[in-house]
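Heads up: the structure comes next, in structure tokens.
The values are calculated or read from the model by the stated rules, or taken from the named source; none is laboratory data. Here the structure is a predicted model, which is why all the values come from computation and not from measurement. Quick reminder, even Gly has a Cβ in these numbers, built from the backbone with ideal geometry, and neighbours come from all protein chains shown. Quick note on the areas: whole protein, heavy atoms, side chains included, nothing else; ligands and nucleic acids left out. Shrake-Rupley method; radii C 1.70, N 1.55, O 1.52, S 1.80 Å.
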Amino acid sequence: MKNKLLSAAIGAAVLAVGASAASATTLSDVKAKGFVQCGVNTGLTGFAAPDASGNWAGFDVDFCKAVASAVFGDPTKVKYTPTNAKERFTALQSGEIDVLSRNTTWTINRDTALGFNFRPVTYYDGQGFMVRKGLNVKSALELSGAAICVQSGTTTELNLADYFKTNNLQYNPVVFENLPEVNAAYDAGRCDVYTTDQSGLYSLRLTLKNPDEHVILPEIISKEPLGPAVRQGDDQWFDIVSWTAYALINAEEFGITQANVDEMKNSPNPDIKRFLGSETDTKIGTDLGLTNDWAANVIKGVGNYGEIFERNIGQGSPLKIARGLNALWNKGGIQYAPPVR
């Protein structure tokens with residue numbers, strides 16, 4: 001009988017703790033502190049990097065601002081936590097950050113064992129290789145025996161091993177935990193090759209002493225769907241983060257920009273009016289726990305997906321990365337968002 005009573009007491013305590021945790025939602029915590037705590041890269045040009053005054057900018061940073069715009073109607077209501085490849089997951093698991101927006105690949109292990117939720121892919125990427133032009137290498141299949149700089153704790157490290165094993169090639173890994181160490185080692189000539197996501201290679205090449213002396217090889221050896229992640233167990237916050245990304249894509253498809261968003265509220269298109277919260281019977285915002293003009297606030301704060309892409313990593317930036325797979329589905333790419341209705 002005592003054992004039964006003890007088991008019942010423990011069960012009740014567990015239920016009480018679970019109920020308490022469920023009642024303390026991420027959205028209510030974020031509103032209470034007055035900002036979104038966003039985990040970002042320690043410094044990756046075009047994606048997340050602070051300027052000389054400490055102001056953060058980049059593709060992933062703009063997504064943090066978009067979430068703040070959805071919640072507060074103000075893109076400045078964000079604080080940034082720079083994390084390296086290993087720290088990022090601990091920071092999210094522990095609750096130190098509310099959302100991770102740090103060029104992170106969606107994998108089954110991270111989606112399950114690590115306790116995270118991924119859904120919208122904000123950047124379709126793949127792993128590539130950068131070498132010095134002086135090596136006269138035209139293909140990754142010519143890299144047998146090369147010393148290759150790689151960051152530990154990443155899918156990059158695993159993909160590298162798989163690619164060389166599959167192709168019966170030998171290599172010497174030169175492994176570092178922090179990105180600045182990898183960059184410095186490659187720039188100093190401690191390795192022949194640098195491997196990471198191809199978007200990262202375009203960014204990192206700009207930081208080298210002589211960027212024009214380096215070439216990115218044509219091979220893409222992996223699928224790297226990059227996007228934001230949140231902790232499991234809070235569906236409302238997961239929906240807010242996901243639909244913020246979808247709002248950016250839908251806005252580009254609708255032709256809604258940072259400059260014309262107010263004008264577009266008067267569009268005769270009911271889909272656009274519903275999306276921007278200007279239809280009186282819409283509940284798309286309140287169903288999320290936000291105001292009905294949340295999507296309009298997102299676009300006012302940061303612009304649409306295409307605007308974010310072009311100014312940070314596209315043709316309006318030093319990186320000049322082509323849209324490629326990241327073009328809209330009706331423009332030759334695979335960026336696609338569910339309808340807002």
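Numbers below:
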{"item": "Condition met for LYS265 (of a type in the set (D, E, K, R), open to solvent by 10 Å² or more (accessible area, probe 1.4 Å) and free of Cβ contacts under 8 Å to residues at least 40 places away in the same chain)", "result": "yes"}
{"item": "Hey, ILE272 closer than 23 Å to PHE47 by Cβ, of a type in the set (A, V, I, L, M, F, W, C) and open to solvent by less than 70 Å² (accessible area, probe 1.4 Å) or not", "result": "no"}
{"item": "Selected residue (only one of THR196, THR207 is among the β-branched types (Val, Ile, Thr), assigned by the TED database to the domain that holds GLU142, surrounded by fewer than 20 Cβ atoms within 10 Å (Cβ to Cβ) and touching a residue at least 12 places away in the same chain (Cβ under 8 Å))", "result": "THR207"}
{"item": "Residue list for the range 291-341, filter: more than 24 Å from TYR202 (Cβ to Cβ) and polar (S, T, N, Q)", "result": "THR291, ASN292, ASN297, ASN330"}
{"item": "Breaking point among (1) outside any helix (DSSP H, G or I); (2) among the aliphatic types (A, V, I, L, M); (3) open to solvent by 50 Å² or more (accessible area, probe 1.4 Å); (4) at pLDDT 95 or above, for ALA49", "result": "(3)"}
